[in-house]
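What follows is one structure encoded as structure tokens, with my remarks underneath.
Just so you know, all these numbers are worked out from the coordinates, no wet-lab data involved. These numbers come from a predicted model, not from an experiment. Here Cβ is always computed from backbone atoms with ideal geometry, including for glycine, and neighbour counts include all displayed protein chains.
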Amino acid sequence: MENTAMHAYLATEYNRLAYTHNYIFGYAIKGVVYAARVMDAREILPYIATLDRASTKNGGTYSIKYKPNMDRIAVIMSHAAEIRPICTVDYMEQMFNNSKLNRGQIFEAMVIDSWHGQRVGKKNAKFTDCGDMVVDGVHYQVKFNKATFTDERTLHHLAA
């Protein structure tokens, strides 16, 4: 049974603190990796984010993550200003196998290239400080499969 109160709390606090609400969401359908540009995803965040809990040895804290399935992808697609094919899943896996980067980092690099964007700050910049990339002066967070929006520990540190 999902802890709906915790899910709502994390989504609400993330939305309240996020520097930008513009996103590029990545997902794969039929062997193709797509990127959907969503302007102001505050309304859909509770529907596309899933509640996750770390193991006890990793602190047991709750987080909200981006884990696209067909229902969540449909929500994203219905709110997307633009959807672009980025690469094939096979190409993504080839890049992953020949790199020290994770799939999210590879996807982010391809999105920045596709939109002719600029990387913002450090790779591990806080979601409260900037987006992952800027295109024409607009900041975007870039999310791919299993990306974390935020967790209890991060929100606790931000409140301190």
- Item | Identity of the residue in the range 132-160, without any contact (Cβ under 8 Å) to a residue 60 or more places away in the chain and of a type in the set (G, A, S), that ends up farthest from E82 (Cα to Cα) | A160
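Inside the range 58-104, can you point out the residues that are in a strand (DSSP E or B), basic (K, R) and in contact with a helix residue (DSSP H, G or I) (Cβ under 8 Å, 6 or more places away or on another chain)?
Residue satisfying the conditions is R84 alone.
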- Task: Go through S78, S63 for me and flag whichever is more than 14 Å from the chain's Cα centre (by Cα), among the polar types (S, T, N, Q) and under 25 Å from A18 (Cα atoms).
- Result: S78
- Query: Which one of N97, N69 is under 30 Å from R153 (Cβ atoms), without any contact (Cβ under 8 Å) to a residue 40 or more places away in the chain and out of contact with any strand residue (DSSP E or B) (no Cβ under 7 Å at 6 or more places or on another chain)?
  - Reply: N69
- Task: Within the range 17-56, track down each residue that is over 23 Å from M70 (Cβ atoms), under 16 Å from the mean Cα position of the chain (by Cα) and part of a helix (DSSP H, G or I).
- Result: L17
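Among the listed residues I44, I24, I64, which satisfies the condition of being out of contact with any Pro (no Cβ under 8 Å at 6 or more places or on another chain), within 18 Å of T128 (Cβ to Cβ) and not charged (D, E, K, R)? Break it down stepwise before answering.
Numbers: I44 fails: within 18 Å of T128 (Cβ to Cβ); I24 fails: within 18 Å of T128 (Cβ to Cβ).
Testing whether each residue is out of contact with any Pro (no Cβ under 8 Å at 6 or more places or on another chain), within 18 Å of T128 (Cβ to Cβ) and not charged (D, E, K, R) leaves just I64.
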- Note on the structure: Picked from the range 100-131 (must be without any contact (Cβ under 8 Å) to a residue 40 or more places away in the chain and among the acidic types (D, E)), the residue surrounded by the most Cβ atoms within 10 Å (Cβ to Cβ) is E108
